[in-house]
1. Relative contact order for chain C: what percent, with Cα pairs under 8 Å and sequence separation of 6 or more?
2. What is the spread of the Cα atoms of chain C along each of their three principal axes, largest first, in whole Å?
3. Determine which residues of region C:216-260 fall in the zone a paramagnetic label at C:A290 would reach in this model, i.e. backbone nitrogen under 20 Å from the point 7 Å along Cα→Cβ.
4. Can you pull the one-decimal nm distance between simple spin-label points at C:D172 and C:R209, each 7 Å off the Cα toward Cβ?
5. For A:E104, A:E159, what's the fewest-to-most ordering of other Cβ within 10 Å of each Cβ?
6. Where Lys and Arg each count +1 and Asp and Glu each count -1, what net charge lies around A:G117 among other residues with Cβ under 9 Å from its Cβ?
7. For C:A135, which sequence-distant residues (separation of 5 or more, or a different chain) have an amide H within less than 5 Å of its own amide H, given hydrogens modelled in the peptide plane?
8. Quick check: residue separation of C:M1 and C:V282 times 0.36 nm, minus the Cα distance between them. What number comes out in nm?
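Read-outs: derived from the displayed coordinates by stated rules, not from any lab. On a predicted model such as this, the values are computed, not experimentally measured, just so you know. Cβ placement follows ideal geometry from the backbone for every residue including glycine, while neighbour counts extend to all protein chains displayed.
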Amino acid sequence: MNKQWTIEDLKLAFPDPAFQCRMAMFLAISHEERISAVERAIDHVAQNLNRTRQHRQHKNEDLLTTDIVTSLKDMGFQASHDTDVGGHCDIVIEGREDFLWLGEAKTHSSYDWLYKGFQQLSTRYSGGMPGQEAGGLIIYCYNKKVLEMMRDWQTHLIERRDDVKISSCALSKLAFRSTHAHDASGLPYMIRHMPVPLYFEPQDKVARSKDRAQTTSRRVARKKGAQ
Amino acid sequence: MLSADELKLKINRIWGVAPGAMLSLRIIDFLTSVPSEQLSMLTFGNLCRVVGKPEPDKDLLTAINILVSSKVQVLETHMLFIDDNKDEHEIDLKDLQETRRSGVFIHPRTGEMINNFEAHFVPFFVPSQSLREGN
Amino acid sequence: MTVLNTEVIPDVAALAHALRKRMPWAPAQKALQAHGLPRGRGWDLTVAKLVTPGTLAPDQIVAMQQLLVDHELCGEKLIRLYQMDAELKATLIRQLRSIDIQPNVFTACYPTGLSDAEIEENNSFPLQIAAIVEADGGLAVVFSTIRGLIFREEVDPDSLPPAAREALSYYDQVLGVRQERRQTFEVVYLPYEGDLVDIRVDYPDGMLRAAAQTAHAQVRQAFNEFVGCEALSTPLNLFHLISSMYEAPNEGTVVELAFGTTTASTKYEKMRRSLLCLRQEVYHRAGKQALAAPIEPFRVSIQWLVSLTDDVYSRPELSLQSTQMARDSEAPTLFDAVIRNTTGDRDYNFIRGRLEHFLAAITTAETLESMDVVG
């Protein structure tokens, strides 16, 4: 047990993304790094939701968000759901040195609904103070073609808010970032728009049913013929 | 600064009795039982011994995350650079930040770029100022 | 005397290269910052910035040159101190100020020094005076030569070809000896005030101490021959400074210590974290308290924080390194002090001042002792 655990040792011994998320957070020494660690953790959890989407088809926003918060807490993040921060914010992640990351979760039904989430986050919940300059809009998508949806959402957002600047997100091709001057503080406030694809319409059972139907009708036809 | 008991209650309230949270309570007990001047450098090895594990695992990393990055804030992360000559250099936090941002680490003595610096960086922990003052 | 020609703008690339060759990165950063000179991440980027045409104004180039001069006088040195009669010193200073140095290969390229190619082309360069310069409250006679410095370094087996790695796998540690020819700057410094004269020889990391000690002897002899008398004879014994500086509670930060105990053990202690002092380290204190007899240090390294400007600090380090054997002898001696991580005369003179202070205290104590004996 006299081993000196270097960062490389830790990464090699624990390549699991959940380990990496924990490490990224406790090794963070600036709010910028903490934001990055939070985003990575949320991406990791979103991947897990996507992998088990078949079990999440009938869950409402709150239940999905609770799943996210539970997973974040399992990794040691101080995450909570529905905490009163200017109102009942879906995801609140608190940290040292007054770090605060807020997340608003919405199931995509219309772009106006997503815009409501954006407005809740940027005008109701967040204060835009130093250390609290970033948040996330988490979009649960039960529809197909998430990329197209996100592009359309981006267009919609720019049309509604010409003060918002859009940039790509290096962490995910599906996500994008928006930045605008926060109404309260005047400081730049960055929101990461992150979809969680939950579309689940497997085609294999439909094909099998068709085959079964055809086999049955052939059998019936042969019987009739035999008679 | 909250007392040890108040800190533990806070952790319990937020994280319940999850294994990582339970380990963080044991670490708090250790930190508050030893004078802070004897806690100038806590390595992963030290923390493993405190919680009775042969090596770090996800629960210990969760515990460390709770103690370092949440508002509980009883530990701070620092970094030691050990070069090929086994010489040790504590890395200034500003340099560390710059290294992470640029992906480049500069040997404090030679001024040369160290490419695989993560193989030479050893994280360690010290009690936070608020814990030290409380102790 | 040498007066640097500030009308001719020096070659920035040559200056940058010379600085890089001799200055460790940590003090170099501080020195560049204190002089308002641009820096990059590491030497490669810093040199690239400095040599980019138009980056430096003429006065900045002159500042860079002064930085190099200062480091050649004060940086990474193994020093010895000599007592000199005030009148003799004053006479020598007068003489040295009026001497015209015989032009030689080193005077021509001072302070930038010879290029690597020039060093490689020529086999022998005897020790000669490169310059005599005013140096912050004194006069510095700068000798130079090309030395084949021998460096001993650990070799990382992973960097070797597989066959070599396999052949050496039996060993816990593989050391390599490397020889490198470098131009060195050895300085005899005569302060206007005080009676201590220094000989300072270049002592880069990894250089064998015996080689530096040989250099000292050569410089002393060369200086005495140059001034025509035995001006410098026996260096001062610094051995007792090891204990006295270690025991002074607020004298910098002790980062390394070796000592013997009356319980027949030798201890080597080193602080792993910067700004923490071994004197206060709990394990060290507890060990001392458990002993009835005091510990007997024979090696100490002390760091200080020295302000270069309002917001730039350097962390120069003094090492006094003797042996257990010397400590156990009847009259232990140590003539060498190693001074590292200095940026120039400011932090060097700070350490020098501390050495003077403790030497004076020892002399006073010895004088009082002898008075008691007489009394």
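1. Value for chain C: 18 percent.
2. So the three principal-axis extents are 65, 65, 44 Å.
3. Output list for this probe position: C:257-260.
4. So the two model labels end up 2.2 nm from each other.
5. A:E159, A:E104
6. 0
7. C:A140
8. 95.9 nm
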